[in-house]
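Structure, as structure tokens:
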Amino acid sequence: MIDEDRGADADARTRVAAAAVAPGQAAERHAPADTVAPAPGMHGPGMHGPAPIRPERGACRWQDVVPMAYKDEGSAPFRDVSRQVLFDDARMGCELRYFEVAPGGHSTLERHQHVHAVIILRGAGRCLVGDVVAPVAAHDLVHIPPMTWHQFRAAPDQPLGFLCMVDRVRDRPQLPGPDDLAALRARPEVAAFLDG
Ligand code: MN
């Protein structure tokens, strides 16, 4: 699901460029022009990047974190998903993102070489990992191995919000072709999941 932003290749190029910048400057590229100024005292002279403490502002919305589109519209099938990048520091090999699927929505059915480490934070729904379909709710852990089909679906009456840790530099997700879908749908519980 989860990903991918709008083209991992473009993101990877951005990251390579950012990595060439002095470490203290790299995080600056994430500050949109319209970001609210940090609270007084949160940034000292010469400090860059996010404030050390960014309080939650509303349910799973955080200070200085701008909700973004999950992916470009039309780039892959999904419905009602938002994305927030919580931690993305060039000195670390991973990113931590928060995704929220609105009630009745779903992430993209996809697979890729990179791994996802997911912690459900809010709401309830179901997920597909390989040929396993399972209900998920707050604080459940979901590990998605390489090249494993996966998708998250929110319950009809609840959102499904989750943290997802991922490699900063990662491969582009693959979408299923007709043969892949036929193989997945061979299991009745998977077919029922995909039909919503
Ligand atoms: Mn994914």
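The values are calculated or read from the model by the stated rules, or taken from the named source; none is laboratory data. Bear in mind that the values here come from a model prediction, so they are computed numbers and not experimental data. Note that each Cβ is placed from the backbone with ideal geometry, even for glycine, and that neighbours are counted across all protein chains shown.
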Quick check on the stretch 146-158: of everything there that is more than 10 Å from the ligand (Cβ to nearest atom) and surrounded by fewer than 22 Cβ atoms within 10 Å (Cβ to Cβ), which residue is nearest to Met92 (Cα to Cα)?
Pro146
Of all residues in the stretch 60-119, which are among the polar types (S, T, N, Q) and away from the ligand (no atom under 15 Å from the Cβ)?
Gln63, Ser82, Gln84
Exactly one condition in (1) of a type outside the set (S, T, N, Q); (2) surrounded by 15 or more Cβ atoms within 10 Å (Cβ to Cβ); (3) out of contact with any Asp or Glu (no Cβ under 9 Å at 6 or more places or on another chain); (4) within 18 Å of Arg170 (Cβ to Cβ) is false for Arg79; which is it?
(4)
Test Arg111 against the criterion of being within 16 Å of the chain's Cα centre (by Cα), over 25 Å from Pro188 (Cβ atoms) and at pLDDT 95 or above, and give yes or no.
no
Can you list residue pairs whose Cβ atoms sit under 9 Å apart, with the first residue in the stretch 69-94 being of a type in the set (Ser, Thr, Tyr) and in a strand (DSSP E or B) and the second being at pLDDT 95 or above and crowded, with 18+ Cβ neighbours inside 10 Å? Count only pairs 6 or more apart in sequence or on different chains.
Ser82/Tyr98; Ser82/Phe99; Ser82/Glu100; Ser82/Val101
Restricting the stretch 120-144 to residues that are over 15 Å from Phe78 (Cβ atoms) and within 14 Å of the ligand (Cβ to nearest atom), the one farthest from the chain's Cα centre (by Cα) turns out to be Gly130
Listed by first then second residue, the pairs whose first member lies in the stretch 113-137 and is touching a residue at least 40 places away in the same chain (Cβ under 8 Å) and of a type outside the set (A, V, I, L, M), whose partner is surrounded by fewer than 17 Cβ atoms within 10 Å (Cβ to Cβ) and assigned to a strand (DSSP E or B), with beta carbons under 8 Å and at least 6 positions apart or on separate chains, are His114/Asp167; His116/His143; His116/Met165; Arg126/Ala134; Arg126/Pro135
Residues satisfying the stated conditions in the stretch 67-76, i.e. within 19 Å of Gly104 (Cβ to Cβ) and loosely packed, with under 15 Cβ neighbours inside 10 Å
Pro67, Ala69, Glu73
